[in-house]
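Participant: This is the structure, below, for whatever I ask next.
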Amino acid sequence: MAPTALITGITGQDGAYLAELLLSKGYVVHGVKRRSSSFNTGRIDHLYRDPHDGETRLRMHFGDLTDATNLIRVVQETQPDEIYNLAAQSHVQVSFETPEYTANSDGLGTLRLLEAIRILGMTDRVRFYQASTSELYGKVAETPQRETTPFYPRSPYGAAKLYAYWITVNYREAYGLHASNGILFNHESPIRGETFVTRKITRAVAAIHTGRQDTLYLGNLDAVRDWGHAKDYVEGMWRMLQQPEPDDYVLATGEGHSVREFVERAFACVGRTITWKGTGIDEVGIDTRSGDAIVRIDPRYFRPTEVELLIGDASKAKRNLGWSATTTFAALIEEMMAADIKAIG
Ligand code: NDP
Ligand code: GDR
């Protein structure tokens, strides 16, 4: 019998890559999607086949992490061997504006799914993956951050994910559930959400390069992140659930780069060199060829509390899962730039 997986957040970046990976491994994949007033399945449409046209291994169910009865029904109907809880209000800045909703979907939503497993008496047969995050480290106690580094979240998102992390650990310890946290550092791709900084930059650079936009407005250029490729990271999620014992793992590249550096490299992909002038909110990025200020600071993008530096140590994942990131920073930006230039036509 083909193994069965249930993915919440299947319409997001990671959900799409994970669905593709699991289908390629012969899984039957069930995905939870939210009802929306316009189509929200663009990232997985290429994987989907209308059931009227024959047997399909990808099946979709309406649902929401804020709706416990719905989650119980979906878990009962799909009888999954593996559940990947990727659904979340995943934008850190947005979480400052919607803290209660973020806590509800990201924190309590995880509890609801775990409770669904318990209520249905499935703790012995289901394996559970929780999408935990490097945002848990927040104001970092050490660099690089590893599984033993203390947490100090700096946003409503981080705080909600902290609850989700610990409730996952608790269900593992209390009920023997095979439940693992992947503490994933930033991972990107050509299908990254358009308002995360990497994709915002690559789309804007493509638009500026083709004369459709004049200026890219950003917030904190000095923030350092450990950026990998989402395709690598979903492989790591799957490997966690194939282990005999559940555990918590950092997935990261081990390399840190600033937002400023990301901007420079993205422009370099289209043959432009940026020099920086001014300081603070008056800093501008000048295109050396034209002399135009094509990058400016908009303080609206500053966060009430910022996470300045995240760099991960994935040596435990390497040791136990045989996992390591395969895409370099340069290759990631080139791939994203190529896709956004192609998309703009
Ligand atoms: P996305 O924002 O691209 O996708 C989030 C998914 O969750 C979407 O499918 C979204 O649906 C769905 N969703 C949001 N709220 C709800 C809800 N209340 N009920 C059901 N579904 C909901 O995130 P990513 O794919 O980038 O990330 C996947 C997970 O991993 C998230 O939990 C994120 O917090 C976490 N994470 C991500 C990292 C990254 O760098 N990408 C790093 C570490 C952790 P819709 O399409 O309708 O909006
Ligand atoms: P992050 O990703 O907060 O790390 O969360 P994001 O790309 O939003 O920000 C990264 C850094 O860039 C700075 N920044 C800007 N960010 C955005 N979005 N827009 C801007 O204009 C801008 N200018 C500067 C930010 O201040 C920040 O320091 C992502 C999400 O995927 C989470 O769900 C996940 O848990 C973490 O990564 C790991």
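Rule-based calculations on the coordinates, nothing more; no lab input. Owing to the predicted nature of the structure, the values given are computational and were not obtained by experimental measurement. Every residue, glycine among them, receives a Cβ derived from its backbone with ideal geometry; neighbour counts consider all protein chains shown.
Participant: Using R₀ = 25 Å, calculate the FRET efficiency as 1/(1 + (r/R₀)^6) where r is the Cβ-Cβ separation of Y217 and S36; round to 0.05.
Facilitator: Values: r = 27 Å, r/R0 = 1.09.
Rounded to the nearest 0.05, the efficiency is 0.35.
Participant: Antiparallel as a % of all DSSP beta bridges within the range 159-309, to the nearest 5?
Facilitator: Values: 9 of 18 bridges.
Taking every DSSP beta bridge within the range 159-309, about 50 percent pair in antiparallel fashion.
Participant: List the residues, sorted by chain then number, that are 5 or more residues from R57 or on another chain and whose placed amide H is less than 5 Å from its amide H.
Facilitator: none
Participant: Right, next: List the aspartates and glutamates whose Cα sits under 16 Å from the Cα of K342, skipping any in the same chain fewer than 8 residues away.
Facilitator: Cα-Cα hits under 16 Å: E194, E334.
Participant: Return the whole-Å distance between the Cα centroid of the range 88-141 and the Cα centroid of the range 180-248.
Facilitator: 19
Participant: Also: R0 = 30 Å: FRET efficiency of A293 with H91, Cβ-based, nearest 0.05? Kindly include the intermediate steps, with their values, before the conclusion.
Facilitator: Numbers: r = 27 Å, r/R0 = 0.91.
Using R0 = 30 Å, I get an efficiency of 0.65.
Participant: Also, I was wondering about something else. Using only the alpha carbons of the range 195-345, what is the convex hull's orientation-averaged projected area in square nanometres?
Facilitator: Values: hull surface 40.3 nm².
That works out to 10.1 nm².
Participant: Placing +1 on the Cβ of each Lys and Arg and -1 on the Cβ of each Asp and Glu in the chain, which of P99, A339, N220 has its Cα farthest towards the positive end of the resulting dipole?
Facilitator: Among P99, A339, N220, the one farthest towards the positive end of the dipole of the chain is A339.
Participant: Which distance in nm do the two modelled labels at A343 and Q243 give, with both placed 7 Å along the Cα-to-Cβ direction?
Facilitator: Computed distance between label sites A343 and Q243 equals 3.4 nm.
Participant: Could you tell me the convex hull volume per residue, in Å³, taken over the Cα atoms of the range 230-312?
Facilitator: Working: hull volume 11.2 nm³, N = 83.
Looking at the range 230-312, the number lands at 135 Å³ per residue.
Participant: Same structure again: Whole-Hz Karplus ³J(HN,Hα) for the range 76-87, in order, using 6.51 cos²θ - 1.76 cosθ + 1.60 and θ = phi - 60°, x for Gly and Pro?
Facilitator: 5, 5, 8, 6, x, 7, 10, 10, 10, 8, 9, 5
Participant: Could you tell me the relative contact order of the chain? Use alpha-carbon pairs under 8 Å, at least six residues apart, and round to a whole percent.
Facilitator: Numbers: 697 pairs, mean separation 57.8, N = 345.
After rounding, I find 17 percent.
Participant: Show me 151-157, 10-16, 169-175, 106-112 ranked by packing, highest mean number of other Cβ atoms within 10 Å first. Walk me through the numbers before you get to the answer.
Facilitator: Details: 151-157: 21.3, 10-16: 25.0, 169-175: 16.0, 106-112: 22.9.
Put in order of decreasing packing, that is 10-16, 106-112, 151-157, 169-175.
Participant: Please report the projected area of the range 32-84's Cα convex hull averaged over all directions, in nm².
Facilitator: Details: hull surface 18.7 nm².
Averaged projected area of the range 32-84's Cα convex hull equals 4.7 nm².
Participant: With charges set only on the Cβ (+1 for Lys and Arg, -1 for Asp and Glu), what does the dipole of the range 278-345 come to about its Cα centre, in debye to the nearest 20? Write out the running numbers ahead of the final one.
Facilitator: On the way: 8 positive and 11 negative charges, 88 e Å.
Computed charge dipole of the range 278-345: roughly 420 debye.
Participant: Same structure again: Hey, what number do you get for the chain at 222 nm if only DSSP H runs of n ≥ 4 count, each worth -39500 (n - 2.57), divided across all residues, to the nearest 500?
Facilitator: Numbers: 11 runs with 124 residues, N = 345.
Helices in the chain give a 222 nm mean residue ellipticity of -11000 deg cm²/dmol.
Participant: Next question. Report the gain in length on full extension from T326 to F196: 0.36 nm times residue separation, minus Cα-Cα distance, nm rounded to one decimal. Before the final figure, lay out each step's value.
Facilitator: Working: separation 130, 0.36 × 130 = 46.80 nm, distance 2.16 nm.
Answer, rounded to one decimal: 44.6 nm.
Participant: Taking the Cα centre as origin and putting +1 on Lys and Arg beta-carbons and -1 on Asp and Glu beta-carbons, what dipole magnitude results for the chain, to the nearest 20 debye? Before the final figure, lay out the partial values.
Facilitator: Numbers: 38 positive and 44 negative charges, 66 e Å.
For the chain, the charge dipole is close to 320 debye.
Participant: Something else about it: Restricting attention to the range 19-48, which chymotrypsin sites (Phe, Trp or Tyr not before Pro) occupy a DSSP loop and are surrounded by at most 13 other Cβ atoms within 10 Å?
Facilitator: Taking the range 19-48 and a limit of 13 other Cβ atoms within 10 Å, the loop chymotrypsin sites (Phe, Trp or Tyr not before Pro) found are F39.
Participant: A further question on this structure: Roughly speaking, what % of Cα-Cα pairs in the chain are separated by over 34 Å, rounded to a whole number? Please list the in-between numbers first.
Facilitator: Working: 15003 of 59340 pairs.
Summing the P(r) tail past 34 Å for the chain gives 25 percent.
Participant: Using only Cα atoms, what Kirkwood radius does the range 81-145 have, in angstroms? It would help to have the intermediate numbers written out before the result.
Facilitator: On the way: mean 1/r = 0.0737 Å⁻¹.
Mean inverse Cα-Cα distance, inverted, gives 13.6 Å.
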